[in-house]
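What follows is one structure encoded as structure tokens, with my remarks underneath.
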Amino acid sequence: MTTSPPVPAPDLAAALDTVLDARYSCRGYLADPVPRDVVDAILRAAQRTASWCNSQPWQVVVTGAAATERLRVAMATPEALVDQGFEIAPPAEYRGVYRERRRECGFQLYDSVGIAHGDREASARQGLLNFSFFGAPHVALIHTDAALGAYQAAEVLADRSCCFVPLIASLRSFELGGCREPFLLLEGTFSQR
């Protein structure tokens, strides 16, 4: 075992920068399904992420076209859209730089789809697109076994975020896009079924 990690070759560092610089949260997709061998290659690459004690407590389920559509239909039901409470409580308030970052991101998103600042009706319609996965042909659900308990769930939240970065980077390396959708986590009661 070496005592210090090797210094990356400049071409590898440049390649990583290129992939990470190309990362964005995609809000519109083609309906074309991604071939299974490409999905498998993306998941193999993303699986190389770090995990606490290498427990890799997450499982990833990638829906096919029919399952994506069933999930999309289920998420559009009144039961799914009603506030059922959160499995994990959202922040009470975003302050300071956290609030600034969220606002800047939101304004950029709404500007990119032609929604004027303060147009609550149009922004609400845009928000509902989250529940249809922006038309994506697949959904990757990252979850853990309930038997692992709350402690493991907290670990998964940290690890899942780490898992997500290489997943999105891997998607970009295949010239595909993705978007993190934490509302499935927050709408725990409904989405777990």
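The values are calculated or read from the model by the stated rules, or taken from the named source; none is laboratory data. Since we're looking at a predicted model, the values are computed, not measured. Neighbour counts run over all protein chains shown; Cβ positions are idealised from the backbone, glycine included. SASA here: full protein model, heavy atoms, side chains in, ligands and nucleic acids out. Shrake-Rupley method; radii C 1.70, N 1.55, O 1.52, S 1.80 Å.
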Taking the stretch 44-74 and keeping residues modelled with pLDDT of 90 or more, out of contact with any Leu (no Cβ under 8 Å at 6 or more places or on another chain) and open to solvent by less than 50 Å² (accessible area, probe 1.4 Å) leaves Gly64, Ala67, Thr68
Taking the stretch 75-95 and keeping only residues that are loosely packed, with under 12 Cβ neighbours inside 10 Å, over 28 Å from Leu148 (Cα atoms) and at pLDDT 85 or above, one is left with Glu93, Arg95
Subset of the stretch 23-32, residues within 18 Å of the chain's Cα centre (by Cα) and either more than 16 Å from Arg180 (Cβ to Cβ) or open to solvent by 80 Å² or more (accessible area, probe 1.4 Å) (or both), comes to Arg23, Tyr24, Arg27, Leu30
For the stretch 49-65, pairs from a residue that is in contact (Cβ under 8 Å) with a residue 40 or more places away in the chain and within 23 Å of Pro33 (Cβ to Cβ) to a residue that is open to solvent by 60 Å² or more (accessible area, probe 1.4 Å) and of a type outside the set (Gly, Ala, Ser), with Cβ under 6 Å and 6 or more apart or across chains, are Gln59/His143; Ala65/Pro33
Checked the stretch 44-69 for anything over 11 Å from His138 (Cα atoms) and not small (Gly, Ala, Ser); matches are Arg44, Gln47, Arg48, Thr49, Trp52, Cys53, Asn54, Gln56, Pro57, Trp58, Gln59, Val60
